[in-house]
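One structure is given below, encoded as structure tokens.
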Amino acid sequence: ILIKGHAQNAFQANYDESKVPPYTLPDVLKTTGNVAVKSKVMWEKIRRPEIIKLFEENVYGQMPKSYERLTYSIKNENAGAMAGKATLKEVLIEVVNNNKPVKINLVLFVPNKQKKPVPVFVLINNRGKNNTDPTRAEKSDFWPAEMVIDSGYAIAAFHVSDLAPDDTAKYVDGVLQLYPEQLTANNGMRAIGAWAWGASRVLDYFEKDAAIDAKKVVVVGHSRGGKASLWAAAGDQRFAMCVTNCSGNTGAALSRRRFGETVGRINTVFPHWFTKNYKKFNNNEDSLPVDQHMLIAAIAPRPLYATNASKDLWADPKGTFLSLKNAEKVYALFGLKSNLNSDPPAINQPIINSQLGYHIREGEHNLTTFDWSNFIKFANAHLKK
Ligand code: GCU
């Protein structure tokens, strides 16, 4: 099968369920020393850190543990935005390390009616900057800010290019300048690690903004941005909830199924996304010490919402659902119920009342108001308690 719209066809994508090879997932509740994990204490103290380390080492790269300084300035503030419904803040967050700065431009709308502090959705924007227009002259389903404000949440966004341009040649022009050792290390982070790191710096800012409830920050990402939102939430337990929209390979979908996009394909077309080490697993998924259900599990006990689109087989909807299913037993350690059935739900039938939430939307690979309306319902069910 030639992949329509994709330049590289060296890796043939399988879309035939009967051709999914047999596979065994690494047991999320067994330590690398083969000891069964039976309590949440053991999970938190031993297994979860082990899993984060395995993803750092093999997939997303080291996450820098510190920086020299973070400052911010409000570039523009308008208390009468959205016809008086919201306060707009355009915030420049500057992070310095190794004497070099990285500048994150945050667009933030806070609802005026709500009692402060308010919970917030922050989007890792991997598409055009016009999707998050602070003037609201341009509106986009990709970031339906008015709808989120009407639901009583703040909404924010930053663009991935502020952290690492999404370009094989230019991705080093950003966070990687602050941590040059990453560039030579086999487990050095690349663009997706840099975007996730950026989400945590935005959270650092939220901790200083009295209008925002920094204990209720939802990190949202679509597709490549959804790979980053997962990695951000897995690594940084301050995120209260995670949304991963159509994130596919090396996002929420199981790599071992080799359905749609594969590890070899993603590493070839996007060599600037993951570690050098990850390339060892091209056409070699069975030797990965992780699979993506373990990334979902690292988010436990926090609520996680994943989505797919019916026509987006490239992102392997079934493999995404199975990732969530295979993370359930970690949520169960915390006494948290997942109400996912054994099979994926029907199209446009969201599962909201479950610590692991999920839907398949009718249509193409995208982030739409249907998706967002369910993120809001899911947050209402899990963050307002
Ligand atoms: C490509 C890529 C995916 C990615 C997607 C996107 O299709 O292969 O891994 O998720 O782009 O970001 O939209």
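Laboratory data are not the source of any read-out in this text; all were calculated from the coordinates shown. The model shown is predicted, which means the values in this text are computed figures rather than measured ones. Note that we place each Cβ from the backbone using ideal geometry, even for glycine, and neighbour counts take in every protein chain shown.
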The base-10 log of I(q)/I(0) that the Debye equation returns for the stretch 14-114 at q = 0.20, 0.23 Å⁻¹, one scatterer per C-alpha, is -0.98, -1.14
Most fluctuating of Glu94, Glu328, Glu17 in the GNM of the chain (C-alpha, under 10 Å) is Glu17
Spelling it out for Ser140: with amide H atoms placed in the peptide plane at 1.01 Å from N, the residues 5 or more places away or on another chain with amide H under 5 Å from its amide H are Ala145
Quick shape summary for the stretch 7-65, equivalent ellipsoid via Cα gyration tensor, semi-axes whole Å in descending order, reads 31, 19, 8
Of Ala232, Ala13, Ala300, the most mobile residue in a GNM of the chain (C-alpha springs, cutoff 10 Å) is Ala13
Full extension between Asn282 and Ser373 adds, at 0.36 nm per residue less the Cα distance, a length in nm of 29.1 nm
Once normalised by the length of the stretch 236-298, the mean sequence separation of its alpha carbon contacts under 8 Å that are 6 or more apart gives a contact order in percent of 35
For the stretch 228-328, the charge dipole (Cβ of Lys, Arg +1; Cβ of Asp, Glu -1; about the Cα centre) points to a positive end, and the Cα of Pro289, Ala309, Ala327 closest to that extreme belongs to Pro289
Quick calc, the stretch 193-278, dipole around Cα centre from Cβ unit charges on Lys, Arg (+) and Asp, Glu (-), nearest 20 debye, gives 420
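Roughly how big is the stretch 136-212's charge dipole about its Cα centre, with Cβ charges of +1 (Lys, Arg) and -1 (Asp, Glu), in debye to the nearest 20?
That gives a dipole near 120 debye.
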Asserting the computed 222 nm helical MRE of the chain (DSSP H runs at least 4 long, -39500 (n - 2.57) per run, divided by residue count, to nearest 500) equals -7000 deg cm²/dmol
At R0 = 22 Å the Cβ-Cβ FRET efficiency linking Lys337 and Lys115, nearest 0.05, sits at 0.15
To the nearest 20 debye, the chain has a Cα-centred charge dipole, built from +1 on Lys and Arg Cβ and -1 on Asp and Glu Cβ, of 780
Long-range amide H partners of Val118, meaning residues 5 or more apart or on another chain whose placed amide H is closer than 5 Å, are Ile212, Asp213
Stokes-Einstein, Kirkwood over Cα pairs, the chain, 4 °C, 1.567 mPa s; D in µm²/s equals 62
Note on the chain, DSSP bridge orientation, antiparallel percent to nearest 5 equals 50
Simple SL model, points at 7 angstrom along Cα→Cβ for Val35 and Lys139; separation in nm is 5.6
Scoring the chain by relative contact order with C-alpha pairs under 8 Å, at least six apart, yields a percentage of 16
